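For reference, the structure discussed in these notes is given below.
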Amino acid sequence: MNNILVTGCCGFIGSKVSETLLGRQVSVVGVDNINNYYDPRLKEWRLEKLRGKGQGAKGSAEFSFHQCDIADFNAVKTVFSNYKIDAVINLAAMAGVRASVENPWAYLDTNLKGTLNLLECCKDRNVKKFVLASTSSVYGDNKKMPFNVNDNTNHALAPYAATKKGAEVLCYSYHYLYGMDISVFRYFTVYGPAGRPDMSIFRFIKNIDMGRPIPVFGDGKQKRDFTYIDDIADGTVRGLKDVGYDAFNLGNDRPVELMYVINLIEDHLRKKADFQWLPLHPADITATWADIDSSKLVLGWSPKTSIEEGVEKTLSWYMENRDFIRSLKD
């Protein structure tokens, strides 16, 4: 594969996946609308890093960027018409469980309509490989642990999860109708350097360092299968292989309590957290845990980074870029 279209290339996961591809000498056509869901300066920071890694020198992978909203069908068609695309990795999405309850229409446009636009362009341009970023949120408040890819996913607790589930089903339709080879990835609580500022670990680090209260929903004992960004990127790129149609969990297979993560951050920063206790949101789930047997078997993938190592790496990045991160809008 010579040209991979990566949507959401300025986002947290999209930028790391693009960086991974470029490092493996695969050219990337990057697409992102650089919206203001969080401070766009962080997206621009990631974009500059990618431009530095794909300079287009002879014999090296190239990086091309287009500011484009995947919900705009004509804009997406224009990108496809300018390149010979070998595969699409769709990482563009409106993220955030709680925010989707407040503004579900934005999630419908990007997560469902955007996916449909990309699938239509793949069909028309005979692009046979499609990778979709989904989410562990599709499992709802499943009490059976760990979550298996064959578990029921029909009980989404928020529009975010519902639109991701809808995108999965759309992808199956295009696999069935047009023979497209599709890998669906259900990500479990991704964290790491240059992460999303609205995600818990990023927010905990910044607020504790700045002496501000950290918002904790519920009692802090809810468990998450925190998964380090490099492991997520590696698994996603492995999904470019032929699988027919298949869904995979990408998780660390070791859920930990939020309070444990907070304690790790406190120890590294040598500062104590000040807590802002908030009621548990009805769209929040109490625990996540990924069954990754299928990812191991089919993709040869397993996570390499423990939560302890991952938090340490994230804090190192934070300290190296502290002034910039502190300047970002919350």
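Of note:
- Residues whose amide H lies under 5 Å from that of residue 62, counting only those 5 or more places away or on a different chain, are 27, 28; hydrogens are built 1.01 Å from N in the peptide plane.
- Computed over the chain, the per-residue total of -39500 (n - 2.57) for DSSP H runs of n ≥ 4 gives a 222 nm mean residue ellipticity of -12000 deg cm²/dmol, rounded to 500.
- All other residues whose Cβ lies under 11 angstrom from that of residue 7 are scored, Lys and Arg at +1 and Asp and Glu at -1, for a net of -2.
- The chain: most fluctuating residue of 267, 209, 198 per GNM, C-alpha cutoff 10 Å: 267
- Around the amide H of residue 254, modelled in the peptide plane, lie the amide H atoms of 290, all under 5 Å away and 5 or more residues distant in sequence or on another chain.
- Candidates 227, 288, 314, ranked by Gaussian network fluctuation over the chain, Cα under 10 Å, top entry: 314
- Residues whose placed amide H lies under 5 Å from that of residue 227, excluding near-sequence neighbours: 190, 191
- Among the trypsin sites (Lys or Arg not before Pro) within the stretch 45-146, those in coil by DSSP and having at most 13 neighbouring Cβ atoms inside 10 Å are 58, 84, 143, 144.
- Note on the stretch 145-235: dipole from Cβ charges, positive end direction compared against 167, 146, 157; the farthest Cα belongs to 157.
- Of the trypsin sites (Lys or Arg not before Pro) found in the stretch 196-252, the ones in coil according to DSSP and having at most 16 other Cβ atoms within 10 Å of their Cβ are 221, 241.
- Within the stretch 1-100, the proportion of Cα pairs with more than 24 Å between them is 18 percent.
- Cleavage-rule hits, trypsin sites (Lys or Arg not before Pro), the stretch 252-330, DSSP coil, Cβ neighbours within 10 Å at most 15: 270, 271, 272, 304, 329
- Choice from 316, 27, 134 showing the highest fluctuation, given a GNM over the chain with Cα pairs closer than 10 Å: 316
- With every protein chain in place, the chain: carbon and sulfur % of accessible area (1.4 Å): 49 percent
The values are calculated or read from the model by the stated rules, or taken from the named source; none is laboratory data. Since this is a predicted model, take the numbers as computed values, not measurements. Using ideal geometry, Cβ is built from the backbone for each residue, glycine included, and neighbour counts are taken over all protein chains shown. Note: areas computed on protein heavy atoms with side chains; ligands, DNA, RNA excluded. Shrake-Rupley method; radii C 1.70, N 1.55, O 1.52, S 1.80 Å.
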